Amino acid sequence: MKPRIAVLGCGYWGSNHVRTLKALGALYAVSDANRDRAEGFASEQECLALAPDELFERGEIDAIVMALPPQFHAETAIRAVEAGKDVLVEKPVALTVEDAERAVKAAKDNSRVYMVGHVLRFHPAFEKLKALVDEGELGDVRYIHSHRLGLGKFHTENDALWDLAPHDLSMILAITGSAPVEVHGEGAAALDHLSDFAHLHMRFPGNLRGHLFASRLNPYRERRLTVVGTKGMAVFDDVEPWERKLAVYHHSIWQDSGQWAFTADEPHYIAVEQGMPLTRELEHFIQCIQTREEPRTNGQEAIRVLQVLTAGTVRHQGAS
């Protein structure tokens, strides 16, 4: 029997959760501070429309997906797990590490599933890239860089780093298997006091280096993660069509008579299974609810990502 899941927050991303959970046969109720919006989705998806407070009082609701403004995530998640609900909390799960730690601890104390919505961890191309790294196809990983650029979205609370970078940080931390030992952030605010452009420079154990560039004020879209190893390089480019999303390059670099020489290889495109990351993420959440296994993107990962975001945040003049 599928768990009965409610979605709290029916905005842009919450509405995607609503439709996907309906398709998976697990949508029980929707809720939003805007009652008319919730009732519209309830009518469209043939489920209940409940006031937010009702979600925590209804014993038949097994879990809640939270897609709220991030400043409300931590307290709402704590209330949910204390009411016996498993939770999937969209990123960022909180605005401070301390709030995230309190929510994760509350979930553990109440034996509840706590999952964070780092959806690209469930992208088939990333899963294949991670498998290539684990199998040693690229050799020892030396450098990882990611670019996530585009126009919008603009928030009053989140800058480009906090809104865009969690996806890429989640992937980078999954590949490195460890938190960075050094983080340096740079940011530029073009519109107000929040960074519209953000760079993160990271150093990991073993002197592995990482770099992340996020921008919400860019004229073109770029969604690219590059992994450089001693035996090869791989690029996950989510803007490309499915047959070209994952490319591997087996370049050779060596010294000859004191000079560097290299051969440049054409990309080898790796076949990946097609599938919607959000569908796969929610299928995993359902599985965790049913089996009580630890989510792939669990509370500890959420905390590690927030720690990096916090260390790399640049405060601009005019910030409160």
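The values are calculated or read from the model by the stated rules, or taken from the named source; none is laboratory data. Worth saying up front: this structure is predicted, and the values here are computed from it rather than measured. Cβ: placed from backbone, ideal geometry, glycine included. Neighbour counts: every protein chain shown. Each accessible area value is taken on the protein alone, full model and side chains, heavy atoms only, with ligands, DNA and RNA left out. Shrake-Rupley method; radii C 1.70, N 1.55, O 1.52, S 1.80 Å.
Of the candidates His193, His201, the single residue that is modelled with pLDDT under 95 and either loosely packed, with under 12 Cβ neighbours inside 10 Å or touching a Gly at 6+ places or on another chain (Cβ under 8 Å) (or both) is His193. Of all positions in the stretch 142-151, none carries a residue that is part of a loop (DSSP other than H, G, I, E, B), at negative phi and not aromatic (Phe, Trp, Tyr). Would it be correct to say that Asp163 is in contact with a Lys or Arg (Cβ under 8 Å, 6 or more places away or on another chain) and modelled with pLDDT under 95? So Asp163 passes the test. Consider Leu24 carefully, then state whether it is modelled with pLDDT of 95 or more and either closer than 29 Å to Ile303 by Cβ or of a type in the set (Phe, Trp, Tyr) (or both). In short, yes. For Asn158, the conditions (1) in a strand (DSSP E or B); (2) modelled with pLDDT under 95 all hold with the exception of (1).
Taking (1) of a type outside the set (Asp, Glu); (2) in a helix (DSSP H, G or I); (3) touching an Asp or Glu at 6+ places or on another chain (Cβ under 8 Å) in turn, Cys10 satisfies each apart from (2). Taking the stretch 48-123 as the region of interest, none of the helices (runs of 4 or more DSSP H) fully inside it holds 1 or more residues being within 16 Å of Pro3 (Cβ to Cβ) and modelled with pLDDT under 95.
What number of residues within the stretch 127-152 are of a type outside the set (Asp, Glu), out of contact with any helix residue (DSSP H, G or I) (no Cβ under 7 Å at 6 or more places or on another chain) and more than 17 Å from Pro205 (Cα to Cα)?
Total satisfying the criteria: 10.
The criterion of at least 1 residues that are buried (at least 19 other Cβ atoms within 10 Å of the Cβ) is met by the following strands (runs of 3 or more DSSP E) wholly inside the stretch 208-281: 209-215, 217-229, 233-237, 246-249.
The condition of being open to solvent by less than 80 Å² (accessible area, probe 1.4 Å) and over 21 Å from Ala94 (Cα atoms) holds for only one of His284, His316, that being His284.
Note on the stretch 142-155: residues that are within 14 Å of the chain's Cα centre (by Cα) and either of a type in the set (A, V, I, L, M, F, W, C) or at pLDDT below 95 (or both) amount to 0. Ala190 falls short on exactly one of the conditions (1) farther than 18 Å from Leu95 by Cβ; (2) in a loop (DSSP other than H, G, I, E, B); (3) in contact with a His (Cβ under 9 Å, 6 or more places away or on another chain), and that condition is (3). Scan the stretch 112-130 residue by residue and report those that are open to solvent by 60 Å² or more (accessible area, probe 1.4 Å) and either within 12 Å of the chain's Cα centre (by Cα) or touching a residue at least 60 places away in the same chain (Cβ under 8 Å) (or both). Once the filter is applied, which keeps residues that are open to solvent by 60 Å² or more (accessible area, probe 1.4 Å) and either within 12 Å of the chain's Cα centre (by Cα) or touching a residue at least 60 places away in the same chain (Cβ under 8 Å) (or both), the stretch 112-130 yields only Lys128.
Based on this model, can you work out whether Ala63 counts as surrounded by fewer than 16 Cβ atoms within 10 Å (Cβ to Cβ) and touching a residue at least 40 places away in the same chain (Cβ under 8 Å)? Considered against the rule, which asks whether it is surrounded by fewer than 16 Cβ atoms within 10 Å (Cβ to Cβ) and touching a residue at least 40 places away in the same chain (Cβ under 8 Å), Ala63 comes out as no. When the test is whether a residue is open to solvent by 60 Å² or more (accessible area, probe 1.4 Å), farther than 16 Å from Phe285 by Cβ and in contact with a strand residue (DSSP E or B) (Cβ under 7 Å, 6 or more places away or on another chain), Leu55 does not pass it.
Given the structure, is Ser178 buried (at least 21 other Cβ atoms within 10 Å of the Cβ), among the hydroxyl-bearing types (Ser, Thr, Tyr) and on the phi < 0 side of the Ramachandran plot?
Values: buried (at least 21 other Cβ atoms within 10 Å of the Cβ): no; among the hydroxyl-bearing types (Ser, Thr, Tyr): yes; on the phi < 0 side of the Ramachandran plot: yes.
It is false that Ser178 is buried (at least 21 other Cβ atoms within 10 Å of the Cβ), among the hydroxyl-bearing types (Ser, Thr, Tyr) and on the phi < 0 side of the Ramachandran plot.
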